[in-house]
Amino acid sequence: MTTSELTTEQVKSFHHKFVTGVTVVTTSDGSEPRGLVVNAFSSLSLDPPMIIVCIQKTSSSYDVFFARDHLAVNVLAADQLDIAKRFAGKAPDKFAAVPWATGPFGSPLLDGVAAWLEAELTERIQASTHTMFIARVVAVGHFDRPPLLYAAGQFYDGGKLHQV
């Protein structure tokens, strides 16, 4: 099948087979924290420790992320579905009633997550409707909490996986 023959539903069906963690990517706009749910996150390399985060250019937080030097990736824990829904929405203050602390490099770190990292932005690559933010990991933390997973439009408890 060629690109011209593909439908959005066919591509969506492919992506539904891919299981991903649920992340809230955060930064600070001066003194105001900003964040959004991102599943287009990936490790790029371990040496040096680099990541990729893709953010849609139409996101209300896009300009803030583009202008910052650092961001954080918060891997949500299995019991944080409410936080995933909150940060996926359009609420003006997504951080209201969400406990968080400032990370070593100034990015908001959400309480109760499975893991977090802070990274220094090194490149911004324009890719159609999104920008790929490439960043070097500068701080990391992880906890004994199962991650929240997403596949086929549904959320799952990563602690209930069975090893094969």
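The values are calculated or read from the model by the stated rules, or taken from the named source; none is laboratory data. Remember, it's a predicted structure, so these values are computed and weren't measured experimentally. In this analysis, Cβ positions are derived from the backbone assuming ideal geometry, glycine residues included, and neighbour counts consider all displayed protein chains.
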Quick one: Phe95 ticks every box in (1) of a type in the set (Phe, Trp, Tyr); (2) closer than 23 Å to Gly153 by Cα; (3) surrounded by 15 or more Cβ atoms within 10 Å (Cβ to Cβ) except a single one, so which number is it?
(2)
Within the bounds of the range 79-86, is there any residue that is without any contact (Cβ under 8 Å) to a residue 12 or more places away in the chain and either among the polar types (S, T, N, Q) or surrounded by fewer than 18 Cβ atoms within 10 Å (Cβ to Cβ) (or both)?
yes
Scanning the range 103-119 residue by residue, those more than 15 Å from the chain's Cα centre (by Cα) and either buried (at least 23 other Cβ atoms within 10 Å of the Cβ) or within 11 Å of His70 (Cβ to Cβ) (or both) turn out to be Gly103, Pro104, Phe105, Gly106
Could you look through the range 15-38, keep only residues that are surrounded by fewer than 17 Cβ atoms within 10 Å (Cβ to Cβ) and touching a residue at least 24 places away in the same chain (Cβ under 8 Å), and pick out the one that is nearest to Ala97 (Cα to Cα)?
Asp29
Determine which single condition Gln126 fails, assuming it passes every other condition in (1) over 22 Å from Thr20 (Cα atoms); (2) assigned to a loop (DSSP other than H, G, I, E, B); (3) not acidic (Asp, Glu).
(2)
Test result for Trp100, in contact with a strand residue (DSSP E or B) (Cβ under 8 Å, 6 or more places away or on another chain), farther than 26 Å from Val19 by Cβ and surrounded by 14 or more Cβ atoms within 10 Å (Cβ to Cβ):
yes
Ala152 passes all but one of the listed conditions (1) in contact with a helix residue (DSSP H, G or I) (Cβ under 7 Å, 6 or more places away or on another chain); (2) of a type in the set (A, V, I, L, M, F, W, C); (3) modelled with pLDDT under 95; (4) closer than 20 Å to Arg34 by Cα; the exception is number (4)
